[in-house]
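**Q** The following block contains the structure, expressed as structure tokens.
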Amino acid sequence: MWWRSASFILDRQQHQNRTVAPSPESFLLSSPPPMADSPLNPKSNISAYYQTRAAHHAVVTSDWLAQAQAAVGRHSDDDGSLGDDKGATPIGGGGGGGGEEEGSGKAFSVIDEFNSWRKQPALAEAVAAIRALAAVIRTSEATTMMELEIELKKASDSLKSWDTTSISLTAGCDHFMLYVTRTSALEYEDFNSAKSRLIERAEKFGEISCKARRIIAMLSQDFIFDGCTILVHGFSRVVLEVLKTAAENKKHFRVLCTEGRPDRTGLRFSNELAKLDVPVKLLIDSAVAYTMDEVDVVHFGADGVVESGGIINMMGTFQIALVAHSMNKPVYVAAESYEFARHYPLDQKDMSPARRPIDFGVPIPSKVEVETSARDYTPPQYLTLLFTDLGVLTPSVISDELIQLYL
Amino acid sequence: MDPRRTARTVSDPKVRQVGFFTPAPTERSISDPPRFQDPIQPPSPSPTQVNDHSPSGNSLSPVMIPPAHHHSDNFLRTALQVTSPTKAFSYSAKTVTIPPENEDVASSFSPGRKVVSAKSPSSFPGVKASSVPASELTTVSVVNLPPGISEKAGGASVEVQNDRPVSAKTLKEKTNKAERRALQEAQRAAKAAAKAEGTKASSAASKVVTSANTKPSKAAKSSSQKNDGSQVAASEKKGGDRAPEKDRKKDAPHPRMQYDDKSRVEKAKKRAVVKQTEARNRVELFRHLPQYEHGTQLPDLETKFFELDPMHPAVYKVGLQYLSGDIHGGNARCIAMFQAFKEAIKDYSTPPEKTLIRDLTARISSYVSFLIECRPLSISMGNAIKFLKNRIAKLPLALSESEAKSTLMLDIDLFINEKIILSEKVIVKHAVTKIQDGDVLLTYGASSVVEMILLHAHELGKHFHVVVVDSRPKLEGQLLLRRLVRKGLSCTYTHVNAVSCIMQDVTRVFLGASSVLSNGTVYSRVGTACVAMVAHAFRVPVLVCCEAYKFHERVQLDSICFNELGNPDAISKVQGREEINYLDGLVNQENLQLLNLIYDATPSDYVSMIITDYGMIPPTSVPVIVREYRRDHLWS
């Protein structure tokens, strides 16, 4: 399914880039192990996170494809010129790979692993990251716990720097690192059993992720009552699970879906709901205030839950939350606990920007600037409750949980 | 109004785990503290502390209501030890109206009273009769009344009588012949003193210690101790002698004493080392706070330097510096205090037949009460003292004295380095991430942490503009401004009056804090609340920078119930502007009340973020930090 998306172009491109990435200088020195040289995300002007999401939802228009291609093309041109500057060194992909293999004797890259995991639509990005890190443990040739820890740290750093825009990737890596380094029980075991224990735990995370979604769905059932109208925005797997469970429980409710421009996630969401025989209505994004008076509950997913208790989510979340707040409608957020991140944005611009191409259907003159940011920040005072696998929390508890976790 | 607060009750804190958890029990201990039943509830002090410390021993937690036995305790003690009610009472006008009722009260107790009562108020303010050393020792102090107060002295001396009866009664029961003679001599001496009118009258025969112009209860006590040698029998009958520092410790005024409670004020005053003259015309709402005439205590205290033998010179020095305002700012005061304590511990040697743990705690408490008399403690200092006392109490008994001392000194150094200096660095590291190129940062007053943040951001090559907002009378902002301008930052300087005009250009507000309370209220230099509210109205994020050791579990809703009053003259006069003299001659008017508040409380609604050594947290998470912090450092 994902093969239809634009990301395969990017993936291919990025594969090439990655293998080219180690510059000749670093090769000569060859002091840093391959994990440390953290190949930067080549498509730095496009958020990889949102691209993956779009790919999963498989709503890609031709225009989108073209723009993505253009973006990549532009980038590869840059790369080319850079390569020329370096003096056109003929390092092929094979050469780079070979170098890595010689470097530490393993042809393994976290990012490859991560990319292969994140292509599964059902798998959250954080879980993909954790699976990739688990693979690092598995393939590691470290002989002491400390060595393994350092290796993991490097791997998670390279993952994080690969896509700085993704909150849940960063949060997932951090959670995993804490989980690994904070186990005092490991100190008393010999290395091999400790390692296998770590792997075992890492394996569990995938299941926990699915379980978390189930827990959230169960918890949120009390908040969906018969005859209510729910407004959803964006495509959130958790919210879908919530609504699916509600439908299975024979609750009667109506869903209003926003269109979710530019990647039209709302269309896909409404498709999914229609399959469940839930009455669903599509709105254009600008019709939210118009329909808000018939809405009883607003449901969001979250790309990241930040320390203030606010959420970072797809563009448009903030304005819907504002409208809902001013009309006194409850705003509920469904998010897994591994999306809690130690970020504290003060305002909308206080985040690393996540860009994505936008399809307007008509050519836009070059003089016209386009706001391409893919997400916004909703402050905690506009949220009513968060449904997480830790329970139903108020926004202020998020920080308490994070402090407990990180201190 | 804030949904995150109203809704807070929805989820009760259950035992929860964060992140990826497996049912393994080993993980549990990491994420949840089992020791706490209730996250908000301050932990009860260990029983040993409750037992061996008198009210002032655990008085450092300002939330505590003094236990009931405090009063009776005090009364007993007043009967036993030196009663020294003399003091230049310069009470406010309200006090003057009281005498009639007081006279009644006093006269109802009068039968059999042996103590001289002040019949001629204008000339004779009071007598100190000591009963501990029994017989011959009597202290008479003649107080030079400041001009303008003498007509009120009548009221004052009646008040003296007011708390005399209890002690007089016990005196009557317990006096023997020798004591009665002593009292008579005291009467005679007092009359002589009254005639002499303020001259140093001393009656050599009865070893009367007369001190002019001062009320050295300390001195009286220490001299009484000296005399004790000859009256061992008498003092034994009274229950043995007490270590002077222990007396001091018990006598320390409660940090949150209500200064409108007259009887308690008097009791505190009797024992005070620092002679504080109370200012008149206090503002109605703030009568419960101590307000003193400034500038009178310093020369007074300096003269007593050699009389206060249990006070360590380093502590004395720091106290004087607090009093004169040479050391100000939460961190500076805390570090200075700890360094003085370190000196004192270095020179400390346990007296024979005493244990270091108890004696040193008492000693520290006496130092602290001296410092409180110089200037009310800041919350950060209270926390630091709590830490030190806890360390002393936790010392293993097996430790030798020198080991114990070096351990404590190491602890103090560690506290200063980790909790103050290092945490400042961590705060700077966090805060700098919130400064971007092109920002306009506003700060109010002079906070050491904010200064470090600005300088560090400048060093990192960030381009930003600083607005320093300042206010009278301290004008601390100028000091900050000077240091910033020297380093080449581009700055704007304005007074708080203009803050609403300049706020529209500001992108971030950085504020320091004296303390952060557990409901997220920021307790800081007066004016901070105003700046934060204006910033909130303009939707500018307000970042409060505060070290975690300044957090306190108290909850405060306004800035009235706990605050500090500064010198009212500072606001009535403008330095260097002689022509502004509209208030000349009006300051002592009864219908004029001057209020110079030092601190105010900013509600958490106006604070976007608190930057502390544990990272950047919303104000709602302060209780968590308080809890974690205490677990780390008070019970470790």
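**Q** Any idea what % of Cα-Cα pairs in segment A:275-407 are farther than 21 Å?
**A** 48 percent
**Q** For segment A:205-283, run through the chymotrypsin sites (Phe, Trp or Tyr not before Pro) and keep only the ones in DSSP coil with at most 15 other Cβ atoms within 10 Å of their Cβ.
**A** A:F225
**Q** Another one. For peptide A:387-397, what's the mean number of Cβ atoms from other chains within 10 Å of each residue's Cβ?
**A** 6
**Q** Continuing with the same structure: Using a 10 Å cut-off on Cβ to Cβ distances, tally the other chain neighbours for every residue of A:344-352 and report the average as a whole number.
**A** 4
**Q** I've got another one for you. What would the Debye equation give as log₁₀ I(q)/I(0) for segment B:545-585 at q = 0.19, 0.20, 0.23 Å⁻¹, counting only Cα atoms as equal point scatterers?
**A** -0.74, -0.76, -0.86
**Q** If you wrap a convex hull around the C-alpha atoms of segment B:305-454 and split its volume per residue, what is the figure in Å³?
**A** 112 Å³
**Q** Using the Karplus equation 6.51 cos²θ - 1.76 cosθ + 1.60 (θ = phi - 60°), what ³J(HN,Hα) coupling, rounded to whole Hz, does each residue of segment B:616-628 give in order, writing x for Gly and Pro?
**A** 9, 10, x, x, 6, 9, 4, x, 5, 5, 4, 5, 5
**Q** Okay, next question. Output the relative contact order of segment A:279-349, whole-number percent, from Cα pairs under 8 angstrom with separation of 6+ residues.
**A** Relative contact order for segment A:279-349 comes out at 39 percent.
**Q** Can you give the mean number of other chain Cβ atoms that lie within 10 Å of the Cβ atoms in peptide B:620-630?
**A** The shielding value for this peptide is 4.
**Q** Run the numbers for A:S326 and A:I150: contour at 0.36 nm per residue of separation, minus the present Cα-Cα distance, in nm.
**A** 58.4 nm
**Q** Suppose R0 equals 35 Å; then what is the FRET efficiency for B:L557 and A:I364 from their Cβ-Cβ distance, rounded to the nearest 0.05?
**A** 0.05
**Q** Ordered by packing density, taken as the mean number of other Cβ atoms within 10 Å over each peptide's residues, highest first, how do A:148-161, B:473-486 rank?
**A** A:148-161, B:473-486
**Q** With labels modelled as points extended 7 Å from the Cα through the Cβ direction, what inter-label distance (nm, one decimal) is found for B:R358 paired with A:S161?
**A** Placing both labels 7 Å beyond Cα along the Cβ direction yields 6.2 nm.
**Q** Here's another thing I want to ask about it. Taking 0.36 nm per residue of sequence separation and subtracting the Cα-Cα distance, how much length would be gained by fully extending the chain between A:E141 and A:F191, in nm to one decimal?
**A** 16.9 nm
**Q** Are there trypsin sites (Lys or Arg not before Pro) in segment A:206-271 that DSSP marks as loop and that have at most 16 other Cβ atoms within 10 Å, and which are they?
**A** Within segment A:206-271, the qualifying trypsin sites (Lys or Arg not before Pro) (loop, at most 16 other Cβ atoms within 10 Å) are A:K250, A:K251.
**Q** If one puts a single equal scatterer on every Cα of segment A:176-297 and applies the Debye formula without solvent, what log₁₀ I(q)/I(0) results at q = 0.22, 0.23 Å⁻¹?
**A** The Debye formula, applied to the Cα set alone, gives -1.21, -1.29.
**Q** Grab the other residues whose beta carbon is less than 14 angstrom from that of B:D437, score K and R as +1, D and E as -1, and report the net.
**A** Cβ neighbours under 14 Å give a net charge of +2.
**Q** May I ask you to give the average projected area over all directions of the convex hull of the Cα atoms of segment A:248-345, in nm² rounded to one decimal?
**A** 7.1 nm²
**Q** Please compute the alpha carbon radius of gyration of segment B:487-624, then divide it by the globular-protein estimate 2.2 N^0.38 Å. Two decimals is fine.
**A** 1.23
**Q** I would also like to ask the following. Run the quick spin-label model on A:Y290 and B:I421: label points 7 Å from Cα toward the beta carbon, then report their separation in nm to one decimal.
**A** Between A:Y290 and B:I421, the simple spin-label model gives 6.6 nm.
**Q** A further question on this structure: Could you work out how far apart the two model spin labels at B:Q339 and B:N497 are, taking each label as a point 7 Å from the Cα in the direction of the beta carbon, and quote it in nm?
**A** Calculated label separation equals 3.8 nm.
**Q** Which cross-chain or sequence-distant (5 or more) residues have an amide H under 5 Å from the amide H of B:F551, H modelled 1.01 Å from N in plane?
**A** B:V516
Read the figures in this text as sums done on the coordinates, not as results from a lab. The model shown is predicted, which means the values in this text are computed figures rather than measured ones. Cβ: placed from backbone, ideal geometry, glycine included. Neighbour counts: every protein chain shown.
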